[in-house]
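Single-structure report; data block below.
Since every read-out is calculated from the coordinates, none of them should be taken as a lab result. Note that the structure is predicted; figures quoted are calculated from it, not measured. Here the Cβ is made from the backbone with ideal geometry for all residues, glycine too, and neighbour counts use every protein chain on show.
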Amino acid sequence: MLCMCLVSMQVSAQFQWPDGIRAAVSLAYDDALDSHLDTALPELNRYGFHASFYLTLNSPTIKTRLNEWRLAARQGHELGNHSINHPCRASLPERSWVEPHNNLDTLSVAAIVQEIHNANVFLLAIDGETQRTFTPPCGDSRAQDGNYLTQLTPLFVAIRRQGKPLSDMQQLQLHDTPTWFAINPSLQELKDYVKAAETHGSLASITFHGVGGDYLAVDADVHKQFLAWLDNHRDRYWVESFITLSRYIHAQQSVH
Ligand SMILES: [Zn+2]
């Protein structure tokens, strides 16, 4: 056991963030909501923080506020893939809202993979980017005839999934990156999540939905204060889009 611990410590020591950085922070916003454009983006831009916005492409904001999403991309934010129709498994608890034609339980792996591929083409038309990351709608992985996420690896630099953070960055699988779906979190909970990542020199991946509105929201003041706290500690926390962090993590893992 002693020997294995030493090996583990040695591997962890090899992964390095840029100078002085003790943890990376990936902020993400799912579902292309109005409150992202109205509240989250102005606050992020105020501090020069880049985030990842996982666009559901049938969201009304894609049609009504397309120029604002294009501007967000030009400002350095990532427009991530969150599918076109947001299919989820209707058979799971509290899923009565899932429409029958978007029920992942009845979609084949081939059908959902085609939808996700088409979403990438749609996003290419919005921001001109050929590489991006993915967050599965509802965090689901199982379609009618199997796990569809395993078929998506060639399409994405990385995929984020709900799960407990890893302490060893060398062990992180970018196509199964754990994230926290933060629903109405307190400021202290958000800080503690980042501090826990700092303890291990790892990644704090946080996913929001509404910001001061819409649904599953974080309070707007809590969000604002959290960004201000990250700004006060920018010498030790690297706040960046998930795709930029993923490229850095991949490069570090490849070196060692
Ligand atoms: Zn979603």
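Computed from Cα atoms alone, the Kirkwood hydrodynamic radius reported for region 20-255 is 17.9 Å. Phi angles across region 28-34 convert, under the Karplus curve 6.51 cos²θ - 1.76 cosθ + 1.60 with θ = phi - 60°, into 3J(HN,Hα) values of 9, 9, 9, 5, 6, 9, 4 Hz, Gly and Pro given as x.
Straight-line cross-link partners of residue 164 among the lysines, defined as a Cα under 27 Å from its Cα and at least 8 positions apart when in the same chain: 191, 195, 224. In a simple Cβ point-charge model (Lys, Arg +1; Asp, Glu -1; nothing else charged), the chain has a dipole of about 400 debye relative to its Cα centre. For residue 180, nonlocal amide neighbours, meaning residues 5 or more places apart or on other chains whose placed amide H falls under 5 Å from its own, are 205, 206, 207. Sequence-distant contacts, meaning Cα pairs under 8 Å at least 6 residues apart, place the relative contact order of region 20-255 at 29 percent. All other residues whose Cβ lies under 11 angstrom from that of residue 107 are scored, Lys and Arg at +1 and Asp and Glu at -1, for a net of -2. I want the local charge near residue 200. Using Cβ-Cβ distances under 13 Å, sum +1 for each Lys or Arg and -1 for each Asp or Glu among the other residues. Charge balance in the 13 Å sphere: +1.
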